[in-house]
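The values are calculated or read from the model by the stated rules, or taken from the named source; none is laboratory data. Nothing here was measured: the structure is a model prediction, and the numbers come from that model. Cβ coordinates were reconstructed from backbone atoms using ideal geometry, including for glycine residues, and neighbour counts include every protein chain displayed.
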Amino acid sequence: MILRYGDIGDDVALLQKRLTRAGFPVIETHIFDHATESAVMALQRARGLVIDGIVGPKTLIALPGLALPSHLKDSDLVKAAGTLGVSVACVRAVNEVESRGQGFLPDGRPKILFERHKFYKALADRKIDPAPLAVKYPNIVSSTAGGYLGGAAEYSRLALAERIHSDAAQESTSWGAFQVLGFNWKRLEYSSITDFVARMQQSEGDHLDAFVRFIAADTALLAALKGKKWAAFAKGYNGADYARNMYDTKLAQAYAKYAEREKAAA
């Protein structure tokens with residue numbers, strides 16, 4: 001469940017009641033208004049979470065005071081902005097739109113997506129003929145994308161691929177909140193794919209660090225972010241179909257929101 005400014009209904013009223021009980025009083029109106037958003041942001045600030053005013057699983061967990069150490073912290077975003085040389089509002093916007101929200105599954109493993117077409121190529125690059133494997137394991141080895149099961153089931157696909165070639169399998173998997181492909185480990189200056197995967201298993205802060213490295217290693221993406229060229233950034237990060245999902249529009253709107261907050265707080 002995700003709740004944000006403008007939402008209405010019983011879920012909002014329950015949130016308002018829980019905020020009050022947690023020591024962040026707000027009138028129970030059934031409307032996610034500015035007062036509710038301010039209370040949510042105060043809660044997030046107190047719990048050390050990302051301060052975006054949006055109520056997702058992590059904020060709900062934090063309501064009774066159970067913020068987990070693996071969760072992304074607001075200080076992580078500030079650090080990322082400094083590393084990239086951009087405003088914090090830019091990083092907040094990217095985090096809101098491009099992040100998968102939760103970087104970990106309920107069982108504590110990082111979220112992943114196994115890419116069978118990447119595995120096909122990774123095997124071929126290692127002089128392993130993928131064709132017979134594609135016949136035997138079409139959901140694991142294929143020249144085309146697909147076969148996704150989602151959630152924890154992706155680990156079953158990864159486990160089968162690892163039995164064929166562990167490193168190639170992990171390199172063919174997108175990891176964490178920002179779904180950075182393991183294949184990038186060397187370009188992003190990790191010591192090995194094993195090092196990269198170990199970092200992804202640690203925290204959402206490490207997920208953000210991988211994302212920052214990814215942006216810093218791509219001069220066009222970094223220039224687009226610095227220049228707030230949201231269409232160029234979305235195309236570079238999401239691919240040619242970015243407009244269909246309105247990624248550029250969402251980024252522009254999120255940036256405007258966070259830039260306004262920064263201005264008001266100055």
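Numbers for the structure displayed
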{"item": "Residues satisfying the stated conditions in segment 65-89, i.e. in a helix (DSSP H, G or I) and more than 15 Å from the chain's Cα centre (by Cα)", "result": "75, 78, 79, 81, 82, 83, 84, 88, 89"}
{"item": "Residue within segment 188-199 that is more than 19 Å from the chain's Cα centre (by Cα), part of a helix (DSSP H, G or I) and either among the aliphatic types (A, V, I, L, M) or at pLDDT below 95 (or both) present", "result": "yes"}
{"item": "Options 19, 14: the member that is aliphatic (A, V, I, L, M), assigned to a helix (DSSP H, G or I) and crowded, with 17+ Cβ neighbours inside 10 Å", "result": "19"}
{"item": "Qualifying residue in segment 136-145 (condition: part of a helix (DSSP H, G or I) and not polar (S, T, N, Q))", "result": "yes"}
{"item": "Residue match in segment 167-179 (condition: hydroxyl-bearing (Ser, Thr, Tyr), buried (at least 16 other Cβ atoms within 10 Å of the Cβ), in a loop (DSSP other than H, G, I, E, B) and in contact with a strand residue (DSSP E or B) (Cβ under 8 Å, 6 or more places away or on another chain))", "result": "yes"}
{"item": "Pair list, Cβ under 8 Å, 6 or more apart: segment 119-145 residue free of Cβ contacts under 8 Å to residues at least 40 places away in the same chain, other residue of a type in the set (Asp, Glu)", "result": "145/115"}
{"item": "Segment 100-150, residues that are on the phi > 0 side of the Ramachandran plot and surrounded by fewer than 12 Cβ atoms within 10 Å (Cβ to Cβ)", "result": "108, 127, 146, 150"}
{"item": "Any chance residue 211 is part of a helix (DSSP H, G or I) and of a type outside the set (Val, Ile, Thr)", "result": "yes"}
{"item": "Looking only at segment 184-237, and only at residues there that are closer than 22 Å to residue 89 by Cα and of a type in the set (Asp, Glu), the one that is surrounded by the fewest Cβ atoms within 10 Å (Cβ to Cβ)", "result": "218"}
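Condition check ((1) crowded, with 18+ Cβ neighbours inside 10 Å; (2) among the hydrophobic types (A, V, I, L, M, F, W, C); (3) farther than 24 Å from residue 260 by Cα) across all residues:
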| site | (1), (2), (3) |
| --- | --- |
| 46 | no, yes, no |
| 51 | yes, yes, no |
| 56 | no, no, no |
| 64 | no, no, yes |
| 75 | no, no, no |
| 80 | yes, yes, no |
| 94 | yes, yes, no |
| 98 | yes, no, no |
